[in-house]
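Chemist: Below is one structure. I have some questions about it.
The values are calculated or read from the model by the stated rules, or taken from the named source; none is laboratory data. The model shown is predicted, which means the values in this text are computed figures rather than measured ones. Virtual Cβ from ideal backbone geometry, glycine too; neighbours counted across all protein chains shown.
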Amino acid sequence: MFRSRSRLSFRFLAALLALALVVLTGCRRPPEEDAKRIQFAFWGSVQQQRAEEELIDRFHEAHPEIEVDVMVIGSRYAEVIQAMIIGGVAPDVFMVNLINYDEWSSRGVLEDLTGKFLSVDEEAEVLPIPRRAVERDGRFFGIPINAHGMVTFYNRDALDAAGIELPPEGINWEFLEEMAPRLSRRAGRTDAPTDFLMLMPPPPILFWQHGVEFFDDLTHPTEVTVNVPEAIEAIGLLRRFRESGYSVPPDIASDEGTYQLFRDGRVAFYFNGRWMTPEFAGRTDFDWDIRPFPGGPVSNITQHGGTVLAIWKDSPRKEAARKFLRFYASERGARISMQWQRNVPIFDELAYGDDFLDLRPPESMVHFSDTMQEGASQYNLYAPGGQEVTRIFYNHIERALADPDIPAEEILAGMEYDLERWLQRMQRRGIFESPAETPAGG
């Protein structure tokens, strides 16, 4: 039976006010009391909440002595958790988005779970990308429960209507540019089966596929490496898709949604992860499937996400919290979670086993699993400051797309300047070593 439950769906200001009241009145749960009653916080849709309920029910069957109170945070999740950490009333166990993982782990608010991760990995081998997502200098401050990459969702019926067959060797951007006029009514082909070829892909991926990285090292950066000739080519490709009318303009995406445009049959290609499957399963009037992310001139690497399960460093109920985390992150927990169409199991044997690959839709489930292999996907930065790096990058890319008359060299020079200033600030704070401080040969 699903245990006691509370919901946090209020605005951030309300969260801060409530938190201040708790702190000022001292109404905290004493560490000595309810040692077997933990709080677990997560975000997600109604379907995601049902998945969490099932996991908690199965956990309670195995550990009837431990109660789990859930905290469903509807919006501004990271800010609410951050406020609770500052106020000393954080949940015992909570989900962490990969973009927040390094910020919180570097500040010492997450419990070191290296031993727990190694025991999970010993039970069932963890695939390379989920491991990389959380490992920092041999330490683990959370257990990944989902870390797969983006793939290509495509409208089979639209491609059939346009007489297009996907190449068996895989999709690349050259192929999509060639096929675009036959799938883009808004670009002038009135008999095309869809309004647009696609929604724009995440720009960082196109940079990586052209062989461009933001830094020399994504874990311990010492140098900005984004301003190179290959980056000009990546910006050119992004501009061609925007200016041609083949991709959805930002105003339409803002007014009419993103995944909704694919669900409603208005775009032929959509790029995202399995977490979007519930939005399409049984909700489309057409047949759809997935393929690997389109490839570029250097690689077909894609971008992975990451949901990490962590324990608050100051939790007074760590023993019970560790038992819950260990159950949730186990192969048994992954089997339960994968049935709800959002997660891809992080374990090699399970991700490539029939129990997962036979789930439907889509038909080609294996492409989700393949994104977790070595070199198949990556992230902007595996270090503190990832949110600011992403903001800097996108600010300059938005400028490039909004004004195609600005030379790409100027865009990249500005991006490099802002990233170098960010890196220098981080070095002054002691987050990263400066090149002069790096030992020879190190």
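Chemist: Do any strands (runs of 3 or more DSSP E) lying entirely in the stretch 2-85 carry at least 3 residues that are modelled with pLDDT under 90 and in contact with a strand residue (DSSP E or B) (Cβ under 9 Å, 6 or more places away or on another chain), and which ones are they?
Modeler: In the stretch 2-85, the matching strands (runs of 3 or more DSSP E) lie at 5-8.
Chemist: Also: Kindly establish whether Ala436 is in a helix (DSSP H, G or I), at pLDDT below 95 and exposed (fewer than 13 other Cβ atoms within 10 Å of the Cβ).
Modeler: yes
Chemist: Filter the stretch 178-205 for residues that are assigned to a helix (DSSP H, G or I), within 20 Å of the chain's Cα centre (by Cα) and surrounded by fewer than 23 Cβ atoms within 10 Å (Cβ to Cβ) and give the result.
Modeler: Taking the stretch 178-205 and keeping what is assigned to a helix (DSSP H, G or I), we get 178-183, 185-187, 203-205.
If we keep only those that are within 20 Å of the chain's Cα centre (by Cα) too, we end up with 203-205.
If the condition is that a residue be assigned to a helix (DSSP H, G or I), within 20 Å of the chain's Cα centre (by Cα) and surrounded by fewer than 23 Cβ atoms within 10 Å (Cβ to Cβ), then Pro203, Pro204 are the ones that fit.
Chemist: Of everything in the stretch 239-257 that's among the aliphatic types (A, V, I, L, M) and assigned to a helix (DSSP H, G or I), which residue is nearest to Thr152 (Cα to Cα)?
Modeler: This residue is Ala253.
Chemist: Going by what's in this entry, would Ala158 be described as of a type in the set (Gly, Ala, Ser) and not assigned by TED's automatic domain parsing to the domain that holds Met338? Lay out the reasoning, then the answer.
Modeler: Working: of a type in the set (Gly, Ala, Ser): yes; not assigned by TED's automatic domain parsing to the domain that holds Met338: yes.
Judged against the criteria, Ala158 is a match.
Chemist: Oh, and also: Please state which one of Arg317, Arg335 is buried (at least 17 other Cβ atoms within 10 Å of the Cβ) and either at pLDDT 95 or above or not assigned by TED's automatic domain parsing to the domain that holds Asp57 (or both).
Modeler: Checking each option against the conditions leaves just Arg317.
Chemist: Oh, and also: Out of all the residues in the stretch 101-126, which are of a type in the set (D, E, K, R) and either touching a Leu at 6+ places or on another chain (Cβ under 7 Å) or under 29 Å from Glu388 (Cα atoms) (or both)?
Modeler: Asp102, Glu103, Arg107, Glu111, Asp112, Lys116, listed by residue number.
Chemist: Turning to a different aspect of this structure: I need a count of the residues in the stretch 300-333 that are over 14 Å from Met150 (Cβ atoms) and assigned to a strand (DSSP E or B).
Modeler: Qualifying residue count for the region: 6.
Chemist: Scan the stretch 215-229 and tell me whether some residue there is modelled with pLDDT of 95 or more and over 30 Å from Asp102 (Cα atoms).
Modeler: yes
Chemist: How about the stretch 209-223: which of its residues are surrounded by fewer than 21 Cβ atoms within 10 Å (Cβ to Cβ) and either assigned to a strand (DSSP E or B) or touching a residue at least 24 places away in the same chain (Cβ under 8 Å) (or both)? Please lay out each step first, then the result.
Modeler: As a first pass, look at the stretch 209-223 and keep what is surrounded by fewer than 21 Cβ atoms within 10 Å (Cβ to Cβ): 211, 213, 215-220, 222-223.
Once the filter is applied, which keeps residues that are surrounded by fewer than 21 Cβ atoms within 10 Å (Cβ to Cβ) and either assigned to a strand (DSSP E or B) or touching a residue at least 24 places away in the same chain (Cβ under 8 Å) (or both), the stretch 209-223 yields Gly211, Phe215, Leu218, Thr219, His220, Thr222, Glu223.
Chemist: A follow-up question, please. Identify, please: which residue in the stretch 264-287 is of a type in the set (A, V, I, L, M, F, W, C) and within 19 Å of Tyr246 (Cβ to Cβ) and is, among those, surrounded by the fewest Cβ atoms within 10 Å (Cβ to Cβ)?
Modeler: Phe271
Chemist: Restricting attention to the stretch 258-275, does a residue exist that is in contact with a helix residue (DSSP H, G or I) (Cβ under 6 Å, 6 or more places away or on another chain), over 30 Å from Glu135 (Cβ atoms), modelled with pLDDT of 95 or more and part of a loop (DSSP other than H, G, I, E, B)?
Modeler: Among the residues of the stretch 258-275, not one is in contact with a helix residue (DSSP H, G or I) (Cβ under 6 Å, 6 or more places away or on another chain), over 30 Å from Glu135 (Cβ atoms), modelled with pLDDT of 95 or more and part of a loop (DSSP other than H, G, I, E, B), which makes the answer no.
Chemist: Would you be able to tell me the number of residues in the stretch 341-363 that are part of a loop (DSSP other than H, G, I, E, B) and without any contact (Cβ under 8 Å) to a residue 12 or more places away in the chain?
Modeler: Looking only at that region, the number is 3.
Chemist: Being in a strand (DSSP E or B) and touching an Asp or Glu at 6+ places or on another chain (Cβ under 7 Å) is the filter; apply it to the stretch 130-154 and report the residue that is nearest to Ala268 (Cα to Cα).
Modeler: The qualifying residue nearest to Ala268 (Cα to Cα) is Tyr154.
Chemist: Additional query: Condition first: of a type in the set (A, V, I, L, M) and within 19 Å of the chain's Cα centre (by Cα). Now tell me which residues in the stretch 250-278 satisfy that.
Modeler: Passing the criteria: only Met276.
Chemist: Let me ask another. Suppose we keep only residues that are outside any loop (DSSP other than H, G, I, E, B) and more than 16 Å from Pro168 (Cβ to Cβ) within the stretch 279-299. Which one would you say is nearest to the chain's Cα centre (by Cα)?
Modeler: Glu279
Chemist: Here's something else I'd like to know. With Ala124, Ala161 as the choices, which residue is of a type in the set (Gly, Ala, Ser), modelled with pLDDT under 95 and surrounded by fewer than 23 Cβ atoms within 10 Å (Cβ to Cβ)?
Modeler: Sole residue among the options that is of a type in the set (Gly, Ala, Ser), modelled with pLDDT under 95 and surrounded by fewer than 23 Cβ atoms within 10 Å (Cβ to Cβ): Ala124.
Chemist: I would also like to ask the following. Quick one: what pairs do we get from the stretch 371-382, first residue closer than 16 Å to Arg274 by Cα, second part of a loop (DSSP other than H, G, I, E, B), C-beta under 6 Å, 6+ apart or different chains?
Modeler: If the second residue must be part of a loop (DSSP other than H, G, I, E, B), the pairs left are Thr371/His148; Met372/Leu127; Met372/His148; Ser377/Thr371.
Chemist: Run down Asn380, Asn395 and say which single residue is modelled with pLDDT under 95 and among the polar types (S, T, N, Q).
Modeler: Asn380
Chemist: Let me ask something additional. Being buried (at least 19 other Cβ atoms within 10 Å of the Cβ) and farther than 30 Å from Lys36 by Cβ, is that true of even one residue in the stretch 307-314?
Modeler: No, the stretch 307-314 contains no residue that is buried (at least 19 other Cβ atoms within 10 Å of the Cβ) and farther than 30 Å from Lys36 by Cβ.
Chemist: Output the qualifying pairs, or none if there are none: Cβ atoms under 9 angstrom, residues six or more apart or on different chains, first residue in the stretch 317-336 and farther than 30 Å from Leu359 by Cα and touching a residue at least 60 places away in the same chain (Cβ under 8 Å), second residue among the small types (Gly, Ala, Ser) and crowded, with 18+ Cβ neighbours inside 10 Å.
Modeler: The qualifying pairs are Ala321/Ser315.
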